[in-house]
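Please treat every number below as a calculation from the coordinates, not as lab data. The model shown is predicted, which means the values in this text are computed figures rather than measured ones. Here the Cβ positions follow ideal geometry from the backbone for every residue, glycine too, while neighbour counts run over all protein chains shown.
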Amino acid sequence: MEIPAAYRKIIDPLISHARGLLEKGDTLAALAFVGSLKDGQVIPVVLDDRTNDAKDNSASAISTTASMLDADFVFMVREAWKLPQKYIGRYDEIMEKYGSVGASPYAQDVAAFSLETTHGTWVASPFIKPKPPSKKRRTFGPVTFEHMPGLEGRFSNLLRDKKNEAGTLH
């Protein structure tokens with residue numbers, strides 16, 4: 001299932017901006033963009049992921065903002081870590097030994113994108129790679145979203161009140 005075009009018009013420039021930040025040598029701030037297609041309003045919400053309580057507070061702030069705005073999408077952007085494919089089968093071992101993917105020597109930086117809409121949730125996590133000749137500048141390749149029905153977690157189902165009202169996009 002592809003992301004509906006109405007959402008792509010909003011998120012594609014945000015993805016391009018994220019790439020531009022990395023290519024200038026900056027880091028990606030962890031942000032959620034809460035928006036409404038009806039009026040075109042988009043409100044950024046800072047994601048604080050330093051502690052579990054901070055994560056819970058960020059998820060609550062996103063959900064509250066979505067409710068106040070009568071939002072129909074949440075688009076999140078952040079840097080994260082991911083295991084290369086060859087280490088996926090060792091995930092439990094790595095978590096036991098290092099406590100997190102990010103603390104392991106196998107972790108690779110990714111640009112993490114997620115789009116939750118009333119029509120479903122899509123995620124993408126392209127690897128971040130150096131942009132030679134600079135040691136500070138980085139970039140990421142094509143952003144390929146995967147539809148993820150049934151996704152669960154702290155930063156999912158933030159539009160839960162809207163899910164039952166979902167209609168079709170024109």
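The residue among Ala61, Pro44, Gly25 whose Cα reaches farthest toward the positive pole of the charge dipole of the chain, with charges on the beta-carbon of Lys, Arg, Asp and Glu, is Gly25. Applied to the range 114-126, the Karplus parametrisation 6.51 cos²θ - 1.76 cosθ + 1.60 on θ = phi - 60° returns per-residue 3J(HN,Hα) values of 9, 10, 9, 10, 6, 10, x, 10, 10, 10, 8, 8, x Hz, with x for Gly and Pro.
Count the lysine pairs in the chain whose Cα atoms lie under 13 Å apart, taking only pairs 8 or more positions apart in sequence or on different chains. All intermediate terms of the calculation are to be shown ahead of the outcome.
Details: Lys24/Lys131; Lys24/Lys135; Lys24/Lys136; Lys82/Lys129.
Eligible lysine pairs with Cα atoms under 13 Å apart amount to 4.
The residues packed around Tyr87, meaning those with a beta-carbon under 14 Å from its beta-carbon, carry a net charge of +1 if Lys and Arg are +1 and Asp and Glu are -1. Across the range 77-91, coupling constants 3J(HN,Hα) worked out from phi with the 6.51/-1.76/1.60 Karplus curve, θ = phi - 60°, read 10, 6, 8, 8, 10, 9, 7, x, 3, 5, 9, 4, x, 9, 3 Hz, and Gly and Pro carry x.
Scalar couplings 3J(HN,Hα) for the range 37-49, obtained by applying the Karplus form with A = 6.51, B = -1.76, C = 1.60 to θ = phi - 60°, are 5, 4, 10, x, 7, 9, 10, x, 10, 6, 9, 9, 10 Hz; x denotes Gly and Pro.
Its Cα centre serving as origin, the range 5-158 has a Cβ charge dipole (Lys and Arg +1, Asp and Glu -1) of approximately 880 debye. Of interest is the spacing of the C-alpha centroids, which for the range 89-119 and the range 32-76 amounts to 22 Å. Under the criterion of Cα pairs below 8 Å and six or more residues apart, the relative contact order for the chain equals 22 percent.
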